[in-house]
Structure formats: structure tokens, C-alpha cells
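Below is one structure; the comments refer to it alone.
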Amino acid sequence: MLSQTAEYALRAVLHLADQDPAHPVPVGDIAQALDVPRNYLSKTLHQLARAGVVTSTFGPGGGFRLAAPAESLTLARVVGPFDSAGERHCLLGRARCADADPCPAHARWKGISAQIEQFFAVTTVADLRHGAIPMPPTSPASRRAPARRR
């Protein structure tokens with residue numbers, strides 16, 4: 001669902017959220033902790049810095065830290081520079097797939113895709129750290145009691 005770069009970005013941000021915000025974490029330490037290539041992660045973190053998700057400090061004692069509290073960083077903001085979470089690509093690979101020209105899976109995939117997009121929009125880094133994943137709002141139809149079997 002996410003590109004490898006977006007996954008690394010999310011993992012790095014989660015790692016930074018667990019660190020002391022007073023001390024920047026060197027990219028080498030993050031790469032070692034996550035077992036990811038250092039140079040690749042460095043480029044990813046610099047993109048996150050340009051997007052305002054993390055800050056970077058150069059020189060001795062430098063490194064990366066979150067630019068905002070984990071409670072205010074949504075997953076959409078973290079992966080946004082790399083992927084559009086929940087972006088609606090045709091599940092069957094059609095070049096054109098829309099409400100006006102749907103593929104056989106369009107109607108069902110559209111709803112699932114919207115739920116994924118909503119998950120990334122409302123879930124924060126802090127939610128993942130604490131295991132408190134917010135439940136998506138339910139539609140009135142999904143709150144109805146199930147039909148009785150005869």
C-alpha cells in the first residue's frame with residue numbers, strides 16, 4: 001500500500017517520537033535501529049525536513065527530531081511527501097476508472113480507498129505509539145442492527 005520510502009519515513013518518525021526531543025538523533029543511529037540503508041534514509045529524512053515533519057541540525061551533536069509533537073503529526077502528513085495515502089488507483093489496473101466509467105471493482109474499492117485515506121488523515125504518530133487507533137466514523141447504515149435470519 002505504501003512505497004518503501006513512505007514506509008521508511010513512517011518508521012523513522014515513529015522512532016524519533018520515542019526519543020528525547022531535546023537531543024537530535026543522528027541518521028546513522030536511526031538507520032541502525034531500523035535496519036535500513038543509511039544513505040537512503042538520509043535522503044528520506046531530508047525530504048521530511050523540507051516538508052516540515054522533522055527538523056535537522058548539522059555538525060557535531062546534530063541529527064533529526066520531530067518538528068511538532070507526535071500528537072499533532074498525522075500519518076498523512078508523514079507519508080504525504082512520498083505517497084498519497086488512499087490514492088484511488090484502479091484496482092484492476094485500468095488507465096481510466098471513475099464514477100462515469102467504472103471498472104467492475106470501482107464501487108466497492110472507492111469506499112475502501114476512502115476509509116484508508118480517512119485512517120491516514122485522522123491517525124497521529126502518537127496514536128500508533130500508544131496503540132490508540134481512532135475508529136473511523138460510521139455511516140448510519142452500518143450502525144443498524146443486522147438483519148435477522150429466518
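The values are calculated or read from the model by the stated rules, or taken from the named source; none is laboratory data. Keep in mind that this is a model prediction, so the values were computed, not measured. Cβ atoms come from the backbone with ideal geometry, glycine included; neighbour counts cover every protein chain shown.
In table form, for the structure just shown:
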item	result
Subset of the range 2-22 [in contact with a Phe, Trp or Tyr (Cβ under 7 Å, 6 or more places away or on another chain) and surrounded by fewer than 18 Cβ atoms within 10 Å (Cβ to Cβ)]	SER3, THR5
ARG150 assigned to a loop (DSSP other than H, G, I, E, B), modelled with pLDDT under 60 and farther than 25 Å from THR5 by Cα	yes
Tally, over the range 51-102, of residues that are surrounded by fewer than 17 Cβ atoms within 10 Å (Cβ to Cβ) and within 18 Å of ASP29 (Cα to Cα)	7
Meets criteria (among the small types (Gly, Ala, Ser), surrounded by 16 or more Cβ atoms within 10 Å (Cβ to Cβ), at pLDDT below 85 and not in a loop (DSSP other than H, G, I, E, B)) for SER113	yes
